[in-house]
Amino acid sequence: MKLRVALVGTGFIGMQHADAILRQPCAQIVAASDSSAESLKRSSELLGVSGYNDFQEMLEKERIDILHNCTPNRMHYDVARAALEKGIHLYSEKPLANTLPEAEKLVEAAHCAKGATAVNFNYRANAMVWEMRERLKSGDAGRCFVIHGTYLQDWLSRQSDYDWRIEEAGDGPRALADIGSHWFDLAQFVYGKKIVAVCAKTFSAFSQRLKPSGDGLPPSLVPVDNDDGACVIMRFSDGLAASLVISQVSGGYKNSVSISADCENYSIRWNQQRCDQLVIGRRDGGEETIFADPKHLTGEARIRAALPAGHPVSWADALKNSIGAFYADVRDGTWRMPDRAYPAFEEALHAMKIADAALRSSRDGLWKDV
């Protein structure tokens, strides 16, 4: 019998989840919920499922095995809490919650819940990221000297650019939490150790932004109290140094996530915008590019590259991999086992704590423990 899956939130990310769910032979989407009547009508008709404006009503009326929480950040806690209380397996978008206290409560609730839980940090599910992890874990690359990278975007590079995330973040971390958290999780995943301390400097391109007023009225200038980017130095639990530049105001960079682990035998590098490739850099012989092909990969990376070289694995394939691993654990009852292939609530909470420590570091001009 197929797993019965429901969505809360049917915007861009919700429909990406729907696409990945439909690629799972073991699952079917049975219902969707969204507070926007227009979005709900479009998505429920497209998916051929029951639609609900109230997610609580959906949870009461539908028999649901797994719930996907694809709502705006401010709703993450309420939706997750409702699912956990009903014993429904939960796959949530990041951040885990909008605030650290809420996230900590969800971690506690998850420990007592009957259902499995996971948070979507999509990049760690890419086949080439797994290959990077396998090479570092096996010692093939030798001792790691430093890890460094970037997460660069340009969609907020104009003063007229505005988004709901700006309001929801308030005076808390925004770019640090929105995209920085992805890199923190990625670096910890490939290296296999936690980031324990940070020293950061945030920046804002605009102290005010033009917010659309609607009804044909001109936009109004509103204050912005959160970050557009940051430079972050980190320390892992074993003392290894790492550095990161994040920005949402860097022209021409659409979604450039890059990470490099520079080791004794070679450096190993990955960039999300060339996500089916891994670059090996050697002192003798220059660079070698490895493509996503099962016969070229090692360990668990092989099962995440389903196509031969020349058929690129992508962002959507990584989401399919992560959701597939979660569904397999739900189906087999193995979701309480350690070393799960997808991020647990505790890992999502730690990523939030890193972003919070980085913001405190920037304000105080000091290193901060996570």
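Out of curiosity, is K105 of a type in the set (K, R), in a helix (DSSP H, G or I), within 30 Å of Y327 (Cβ to Cβ) and out of contact with any Pro (no Cβ under 7 Å at 6 or more places or on another chain)? Yes.
Filtering D140, D78, D54 for residues that are touching a residue at least 40 places away in the same chain (Cβ under 8 Å), surrounded by fewer than 20 Cβ atoms within 10 Å (Cβ to Cβ) and either of a type outside the set (A, V, I, L, M) or out of contact with any strand residue (DSSP E or B) (no Cβ under 6 Å at 6 or more places or on another chain) (or both) leaves a single hit, D140.
Just so you know, in the range 199-257 the residues that are over 22 Å from the mean Cα position of the chain (by Cα), aliphatic (A, V, I, L, M) and farther than 30 Å from D276 by Cβ include one that is least open to solvent (accessible area, probe 1.4 Å), and it is V224.
Conditions tested, residue by residue: (1) touching a residue at least 24 places away in the same chain (Cβ under 8 Å); (2) small (G, A, S).
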| position | (1), (2) |
| --- | --- |
| L210 | yes, no |
| V224 | yes, no |
| I268 | yes, no |
| Q272 | yes, no |
| H296 | no, no |
| S322 | yes, yes |
| A325 | yes, yes |
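Pick from the range 324-344 the residues that are of a type in the set (K, R) and over 20 Å from the mean Cα position of the chain (by Cα): which of them is modelled with the lowest pLDDT? It would help to see each step written out before you state the result.
Kept after step one, since they are of a type in the set (K, R), are these residues of the range 324-344: 331, 336, 340.
If we keep only those that are over 20 Å from the mean Cα position of the chain (by Cα) too, we end up with 331, 336.
Details: R331: 93, R336: 83.
Restricting to residues being of a type in the set (K, R) and over 20 Å from the mean Cα position of the chain (by Cα), the top hit is R336.
Tally the residues that are under 17 Å from S362 (Cα atoms) and touching a residue at least 40 places away in the same chain (Cβ under 8 Å), restricting the search to the range 229-241. Adding up the residues that qualify gives 5.
Residue count for the range 104-123 under the criterion of being under 16 Å from the mean Cα position of the chain (by Cα) and open to solvent by 10 Å² or more (accessible area, probe 1.4 Å): the result is 2. Quick one: would you say Y77 is of a type in the set (S, T, Y), part of a helix (DSSP H, G or I) and in contact with a helix residue (DSSP H, G or I) (Cβ under 9 Å, 6 or more places away or on another chain)? Answer is yes for this residue.
Within the range 219-246, the only residue that satisfies the criterion of being among the polar types (S, T, N, Q), assigned to a strand (DSSP E or B) and at pLDDT 95 or above is S243.
It is to be established whether one or more residues within the range 185-204 are in contact (Cβ under 8 Å) with a residue 12 or more places away in the chain, within 14 Å of K94 (Cα to Cα) and in a helix (DSSP H, G or I). The answer is yes; a qualifying residue exists. With respect to being open to solvent by 10 Å² or more (accessible area, probe 1.4 Å), more than 28 Å from E167 (Cβ to Cβ) and part of a strand (DSSP E or B), Q24 falls outside the description. Residue count for the range 314-355 satisfying the condition of being of a type in the set (V, I, T) and open to solvent by 10 Å² or more (accessible area, probe 1.4 Å): 2.
The values are calculated or read from the model by the stated rules, or taken from the named source; none is laboratory data. Keep in mind the model is a prediction, meaning the values are calculated, not measured. Please note: Cβ atoms are built from the backbone with ideal geometry, for glycine as well, and neighbour counts cover all protein chains shown. With ligands, DNA and RNA removed, areas are computed over all heavy atoms of the protein, side chains included. Shrake-Rupley method; radii C 1.70, N 1.55, O 1.52, S 1.80 Å.
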